[in-house]
Amino acid sequence: MSIQTTTMRSDGQQDRSFVRTFFTSPAAVEGETDSAKMLRRAVQLRGMRAPDVWVPDNEDATAPSMRDDGIENIVDIVAEHGESFPGEIHPRIVWHRDRPDTRYQGLQQMLYIADPERGAIEYIDGFVVPEVGDIDDWKKADECLTIIETEYGLDEGRLSMSVIVESGQAELALADLRDEIGKPTNNLERLSLLVDGEVDYTKDMRAITPTGELPAWPELRHNTSRSASANGLIAIDGPYDDIRDIDGYHERMTTNQAKGLLGIWALTPEQVIEANTAPLPPKTGSWLLDVNGHTVELYMEDDVHIYDGERLALEKTETDRYRFRVGSEEQAVCDDELHEELLNLTDYVPSLTDIVDSMETFEEATEAGKGAIAMEQSTTLSIDGVEVSISEERMWDEATYQAAQTPISLFQDVYENRPDQREELREMYGEHVLKRAMNVG
Amino acid sequence: MSIQTTTMRSDGQQDRSFVRTFFTSPAAVEGETDSAKMLRRAVQLRGMRAPDVWVPDNEDATAPSMRDDGIENIVDIVAEHGESFPGEIHPRIVWHRDRPDTRYQGLQQMLYIADPERGAIEYIDGFVVPEVGDIDDWKKADECLTIIETEYGLDEGRLSMSVIVESGQAELALADLRDEIGKPTNNLERLSLLVDGEVDYTKDMRAITPTGELPAWPELRHNTSRSASANGLIAIDGPYDDIRDIDGYHERMTTNQAKGLLGIWALTPEQVIEANTAPLPPKTGSWLLDVNGHTVELYMEDDVHIYDGERLALEKTETDRYRFRVGSEEQAVCDDELHEELLNLTDYVPSLTDIVDSMETFEEATEAGKGAIAMEQSTTLSIDGVEVSISEERMWDEATYQAAQTPISLFQDVYENRPDQREELREMYGEHVLKRAMNVG
Amino acid sequence: MSIQTTTMRSDGQQDRSFVRTFFTSPAAVEGETDSAKMLRRAVQLRGMRAPDVWVPDNEDATAPSMRDDGIENIVDIVAEHGESFPGEIHPRIVWHRDRPDTRYQGLQQMLYIADPERGAIEYIDGFVVPEVGDIDDWKKADECLTIIETEYGLDEGRLSMSVIVESGQAELALADLRDEIGKPTNNLERLSLLVDGEVDYTKDMRAITPTGELPAWPELRHNTSRSASANGLIAIDGPYDDIRDIDGYHERMTTNQAKGLLGIWALTPEQVIEANTAPLPPKTGSWLLDVNGHTVELYMEDDVHIYDGERLALEKTETDRYRFRVGSEEQAVCDDELHEELLNLTDYVPSLTDIVDSMETFEEATEAGKGAIAMEQSTTLSIDGVEVSISEERMWDEATYQAAQTPISLFQDVYENRPDQREELREMYGEHVLKRAMNVG
């Protein structure tokens, strides 16, 4: 659908603030009677199976010999099904910072797709431009979009532009963007997604790993997220190649989220589901136990969180005395020391309900004129059958409150903009907390 | 006190080159009969309990409704006690890159505090400006200070400006600074401290962690340190939230120091003491043993450094033959191999005396016309009762010498600029090495 | 030799695209009858013992009092032996961003060395400039080279310029380079190598580590590699101090390569050999097994890859049932689960032959009109005597193909530009695969 939402404004605000999934589908598949079958399948996805941003891909996913078919497929499928697709639609065309002929092909592809007579453009939110170079190359792509808007009588800025950052040059451009956006001779305000493309980036950086695996490129991901933050854009991590490894994909998202990179490329329907759900707060809270760098989640039985691994051992020797082993180090401790040790070893992962509770509590405190309050978290742990209650206080001030708000804002954004996912959210969390979550913050 | 020391000059030099502690105190506490009690307590700190930079905080630490009281408290307390305070005084006022009204409030707060008739300004070194944006926003804050200096007849540049880097925009500004500082239409040479603010930065970057903990943001800290280096400024890490976890605070400082980020925010008197002492070289040297990533400090008895953990096992089987186990890998080794293995596993942490010794030795060698000399480090280790002597040579050249000088320069800076800490330094290190440390380098 | 190869062009291409080794030799040694003995030794190196870039070093490696001798030695030795030296020759002169007198000395040293009457310049490819500051300081050095070229009637751009990045300022300049290179008032297109200098960088950043070891500076290395990528230059990591620790040196190169930093400083002949060979693909492939972060290479016997450590245990309990222990976690698994688990634990490091095979296969598929094909990797593992066959498919598309090409391009570059190493390459890999490797890609 086209809700013209990702066009950012120079005040760092955009209507749709979060994109979890960037799902590419080959625009044409070779050797098939229906070369558009991947597009046809994708456009009919709904709910958690449908991405926030869908990218009919006429670049890398489509063989060079099939790209003319690809363009036609995109136009046909989007014209037919675009209206009812629940996410945004951003086709990827060809482009290359070093090749004027490829750039001109890109312009022609966009002119073809955007022609109002073909009936697709009204459902298209913008275009994805791969292989961009430095900021002046971004301006060339922006100019192509301005030409298209003028040619077809669209409002200036109507088409958003997303770029794939897959070269050292483009990474450097991320830092130049804020100085260039808003200049009178460009329309870079149309920028929407900054997408990392680690495969080609690895090639451009000439990196080598022994096994051929992609490097993790933490600095690139940081710089992309930072530029998104500084320019009111949305950062998306590149594809995760090992499509069977959903655990690895999930872990990658966890490290991404800690960088403020909340969206990720999806290559398969399984990855779409995972990418849609992973950034949402969990339904139930959980306790983690970290022993020498190994983290395990405790399992719960009758409100008690139980650890039954080998890395800890606990025995009550007498009143207020315990023998406590962590890894290979054993010590005798009293109640208070045990409590302290366990606090250090454990961490709590709050649920949606927990976050909403804390935020509501803080909001009430603020209304009552308080700037900071203590929030308590407590539970009963069981180790080798010995039960221990632990509790911890954390100070909440305005800054804590606002940081806690990110997952809630994301949740609200999803609820608002993806009506097709509401039913699943309701099933996952229950009606009650869902309503509270929509009203907090 | 105001010693006008942190105003940096464009040659990358400033009088006071090191700041270990950045200690914030709420400018007003709500619901107290003495709303200035935190200021009153802080201004009377001395010695290792007093920070290098003290920040009466009228922003986040003070509830919005108390900020008028805060401004008055700052003026009163600083006017009364500022002269005898041993560190620098940099009040934090309100500011926000996105809110002109907040910026105007910040200007008014500074005008109030700096009014010479109120008697505080002569003890104030500068102001801390939070929530700055890109470099043009920094210039707005700089302009406010220029206005204040002109209005009150202070020398241009008399008031230093420190910024809290707590947005992607401000992080990008760190890289622009060197191009802008020294331009005729600004007075950015007044910049003093670059302070990371990870709580708000996390919010601005929209980062999420499962437990709500702050991400470590290594790139931000690198970029702050690099900008300090390139512009002759001082880099300070943000607050460490878990105020009971002094070990964690210490570890954070160790990783910071390896980035050239030698100062840190302190929230409590305990953190001030830790932040003041941690960057100083240790009184006695120590040997570390690293087995598969687990580092332990050996303990000393009669000049022998003893390891009595489980991770190593050593047995002498015959003359020049040992059975040696590291973790789960056991091998038979001869004297030389054992020596080599142990050298790889051990590291020496030099004391102040060691550093001074090495520097003096190198200085003598240089005077004798030598460019590089070998320094030997040797000791006796004891593992499972088997004693082994190890020794290692390290080449020292001019570059090694200069790198070793950083902790000594910091030490000298503290001794020079903090007379109130001299007694404690004397007690810690002894008069003899202290004198030598002041003369070396 | 002077093949004028490293002068980069603004299209990001240069003739010689890879430099593995940057080997410095003191230009003069004090207290020796032959003060040029280190130069004399180095210039006669051949084959894997000779570096890609040789740096007669008249800066840090030579005592200040010996630098006049150093300049004469460089001229003498290069004039006599330069023609037959198989790598490039880039002398390092003195320079400092903060000291005009040092810069003027640098100009004089270069004028002396480059004087055609002295007979050295025709074998010299360019100069290495240490201690550069921001980009305007790089332009000063560039201007010195322009003066020298004009003075001696050399073509503009004939002398390449390499810089040592050893200050925060210079690191920032890496990001400015692309905007400045190609401007009409400079000749920065002469830039060749970007070399990190971590010892002085550590000093400039004022970093402290407890043991005095150098920090790893991952961000600096990333930024250097990125600037090389964005400007068509070559990135070189700084010296590895612990010259006896060849394993550590090798590990450093592995992490560097994953950053696209393919060259490294060498201080000793052993380091030269290691730095020349480590970036080349291995002769034989190998399987790695990673258990809880500990990676071991399996050894091969009769085409079976054998693990005989303690971290895994495998026992066949009945048809299609196994007891399988990983670390301390044991589970019962069927054939398929075992296969899956082992796939997750293992990684394959391809040989030169493997890479050439895959690339040839992909090239054939492309000619047949296919855009992506599956490559299978399979082997038999043996754990506790139980043999298990595993196989894994990996999709190859154009991007995979191009990323795989980096080690092959490096190989081809070495073969083309270092005829003195061909014999060793032939011995290492055999004539057959070597020929195929030269034709692929």
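Read-outs: derived from the displayed coordinates by stated rules, not from any lab. None of these values were measured; they are calculated from a predicted model. Quick reminder, even Gly has a Cβ in these numbers, built from the backbone with ideal geometry, and neighbours come from all protein chains shown.
Can you give me the long-range amide H partners of A:LEU191? Hydrogens built in the peptide plane at 1.01 Å from N, cutoff under 5 Å, separation of 5 or more residues or another chain.
Residues meeting the criterion, in which the H sits 1.01 Å from N, are A:MET8, A:MET161.
So how far apart, in nm, are the two label points at A:ASN292 and C:THR319 if each is 7 Å from Cα heading toward Cβ?
For A:ASN292 paired with C:THR319, the spin-label model returns 4.2 nm.
What number, in percent, do you get for the relative contact order of chain C if the mean sequence gap of Cα pairs under 8 Å and at least 6 apart is divided by its residue count?
14 percent
For region A:21-277, count all C-alpha to C-alpha pairs, find those more than 32 Å apart, and express that count as a whole percent of the total.
16 percent
At a threshold of 8 angstrom on Cα-Cα distance, excluding pairs fewer than six apart, so keeping six or more, what relative contact order does region A:286-400 reach in percent? Walk me through the intermediate numbers first.
Values: 171 pairs, mean separation 29.5, N = 115.
This gives 26 percent for region A:286-400.
Fewest to most neighbouring Cβ within 10 Å: what's the order for B:VAL296, A:VAL78?
By the 10 Å Cβ count, ascending: B:VAL296, A:VAL78.
Per residue, what volume in Å³ does the convex hull of the Cα atoms of the protein assembly as shown enclose?
203 Å³
Counting other C-beta atoms within 10 Å, which of B:TYR415, B:TYR299 has the fewest, and how do the rest follow?
Fewest-to-most ranking of B:TYR415, B:TYR299: B:TYR299, B:TYR415.
Spelling out what I want: for every residue of region B:409-416, take phi, set θ = phi - 60°, compute 6.51 cos²θ - 1.76 cosθ + 1.60 (Karplus), and round to whole Hz; glycine and proline get x.
In residue order, the calculated couplings are 4, 4, 4, 5, 4, 4, 4, 5 Hz.
Taking just the alpha carbons, could you work out the radius of gyration and Dmax for region B:226-276, both in angstroms?
Rg, Dmax (Cα atoms, Å): 11.3, 35.
If amide H atoms are built 1.01 Å from N in the plane of the peptide, which residues on other chains or at least 5 residues away come under 5 Å of the amide H of B:ILE264?
B:THR21, B:PHE22, B:ASP237
Give me D for region C:286-400 in µm² s⁻¹, whole number, from Stokes-Einstein with Rh from the Kirkwood sum over alpha-carbon pairs, 10 °C and 1.306 mPa s. Show your work: numbers first, answer last.
Numbers: Rh = 15.7 Å.
Answer from the Stokes-Einstein relation: 101 µm²/s.
Calculate the translational D of region A:224-340 in whole µm² s⁻¹ from Stokes-Einstein, where the hydrodynamic radius comes from the Kirkwood formula applied to all Cα pairs, the temperature is 25 °C and the viscosity 0.890 mPa s.
138 µm²/s
Return the sequence-ordered ³J(HN,Hα) values of region B:362-375 in whole Hz as given by the Karplus equation 6.51 cos²θ - 1.76 cosθ + 1.60 applied to θ = phi - 60°, using x for Gly and Pro.
Coupling constants for region B:362-375: 5, 4, 4, 4, 4, 4, 7, x, 9, x, 8, 9, 8, 10 Hz.
Could you give, in nm with one decimal, how far C:GLU143 is from each other copy of that position, shortest first, with labels 7 Å out from Cα toward Cβ?
So the label point of C:GLU143 gives 3.3, 3.3 nm to the other copies.
Averaged over its residues, how many other protein chain Cβ atoms are within 10 Å of peptide B:60-67's Cβ atoms?
Other-chain Cβ atoms within 10 Å of each residue's Cβ, averaged: 3.
Just add up the charged neighbours of C:VAL356: K/R +1, D/E -1, any other residue whose Cβ is under 14 Å from the Cβ of C:VAL356.
-3
Could you give, in nm with one decimal, how far A:ILE243 is from each other copy of that position, shortest first, with labels 7 Å out from Cα toward Cβ?
Distances between equivalent label points, in nm: 5.3, 5.3.
Hey, got the average number of other protein chain Cβ atoms within 10 angstrom for residues in A:289-300?
Values: counts 0, 0, 0, 2, 4, 4, 0, 0, 0, 0, 0, 0.
The mean count of partner-chain Cβ atoms within 10 Å per residue comes to 1.
Going down the list B:LYS183/C:LYS139; B:LYS283/C:LYS203; C:LYS203/C:LYS259; B:LYS183/C:LYS259, which pairs span over 30 Å between their C-alpha atoms?
Numbers: B:LYS183/C:LYS139 20 Å; B:LYS283/C:LYS203 23 Å; C:LYS203/C:LYS259 24 Å; B:LYS183/C:LYS259 36 Å.
In this structure, B:LYS183/C:LYS259 lie more than 30 Å apart at Cα.
Considering the options C:GLY285, C:LEU233, C:TYR249, tell which one lies farthest towards the positive end of the dipole of region C:174-318, charges being +1 on Lys and Arg and -1 on Asp and Glu at the Cβ, about the Cα centre.
Looking along the dipole axis, the top candidate is C:LEU233.
How large is ³J(HN,Hα) for each residue in region B:204-221, as worked out from phi by the Karplus curve 6.51 cos²θ - 1.76 cosθ + 1.60 (θ = phi - 60°), to whole Hz, x for Gly and Pro?
5, 7, 6, 7, 10, 10, x, 8, x, 4, 6, x, 7, 6, x, 5, 4, 5
Every other copy gets compared here: list the nm distances from the A:THR185 label point (7 Å along Cα to Cβ) to its counterparts, shortest first, one decimal.
From this label point to the equivalent ones elsewhere in the assembly: 2.0, 2.0 nm.
Report the residues of region A:387-408 in range of a label on A:GLU376: point 7 Å along Cα→C-beta, backbone N strictly under 16 Å from it.
Residues passing the 16 Å test: A:389-396.
Can you give the net charge of the other residues whose Cβ lies under 14 Å from the Cβ of A:ASP68, counting K and R as +1 and D and E as -1?
So the surrounding residues net to -4.
Count charges around C:THR295 for me, please; just the other residues with Cβ under 12 Å from its Cβ, Lys/Arg as +1, Asp/Glu as -1.
Residues near C:THR295 contribute -3 overall.
By average Cβ neighbour count within 10 Å, what is the ranking of A:69-75, B:265-271, C:423-429, C:325-331 from highest down?
Descending packing order for the listed peptides: A:69-75, B:265-271, C:423-429, C:325-331.
Given points 7 Å out from each Cα along the Cα-Cβ axis, report the C:GLU117 to B:HIS339 separation in nanometres with one decimal.
Inter-label distance under the simple model: 5.5 nm.
Please compute the Kirkwood hydrodynamic radius of region A:374-426 from all pairs of different C-alpha atoms, in Å with one decimal.
Every distinct Cα pair counted, the radius reaches 14.3 Å.
Could you pull out the GluC sites (Glu not before Pro) across region B:275-317 that fall in loop regions by DSSP (anything but H, G, I, E, B) with no more than 16 other Cβ atoms inside 10 Å?
Hits after loop and neighbour filter: B:GLU310.
Mind checking the mean number of beta-carbon atoms from other chains within 10 Å of the Cβ atoms in B:254-266? It would help to have the intermediate numbers written out before the result.
Values: counts 3, 2, 2, 6, 11, 7, 11, 3, 4, 0, 0, 0, 0.
Taking the mean over all residues of the peptide, I get 4.
In what sequence, highest mean first, do C:226-235, B:368-377 appear when ranked by Cβ atoms within 10 angstrom?
So the order, starting with the most tightly packed, is C:226-235, B:368-377.
With the cut-off at 17 Å, report for region C:111-179 the share of all Cα pairs above it, as a whole percent.
Distances greater than 17 Å cover 44 percent of the Cα pairs.
Can you tell me the Rg and Dmax of region C:33-170, counting just the alpha carbons, in angstroms?
14.4, 41
With an 8 Å cut-off on Cα pairs and a minimum separation of 6 or more residues, tell me the relative contact order of region C:21-277 in percent.
Working: 495 pairs, mean separation 44.5, N = 257.
Over region C:21-277, the number comes to 17 percent.
When chain B is treated as a GNM, springs tying every alpha-carbon pair under 10 Å, which of B:ASP115, B:ASP68, B:ASP384 comes out with the largest mean-square fluctuation?
B:ASP384
Please arrange C:PHE324, A:PHE127 by counting, for each residue, the other beta carbons lying within 10 Å of its beta carbon, fewest first.
Fewest to most other Cβ atoms nearby, the residues stand as C:PHE324, A:PHE127.
Using only alpha carbon positions, build the gyration tensor of chain C, then give the equivalent ellipsoid semi-axes as the square roots of 5 times its eigenvalues, largest first, whole angstrom.
In descending order the semi-axes read 46, 24, 21 Å.
Assign unit charges at the C-beta atoms only (+1 for Lys and Arg, -1 for Asp and Glu), then state the dipole size of the protein assembly as shown relative to its Cα centre in Debye, rounded to the nearest 20.
2760 debye
Quick one: of the DSSP bridges fully inside the protein assembly as shown, what percent are antiparallel, nearest 5?
On the way: 101 of 188 bridges.
In the protein assembly as shown, DSSP labels about 55 percent of beta bridges as antiparallel.
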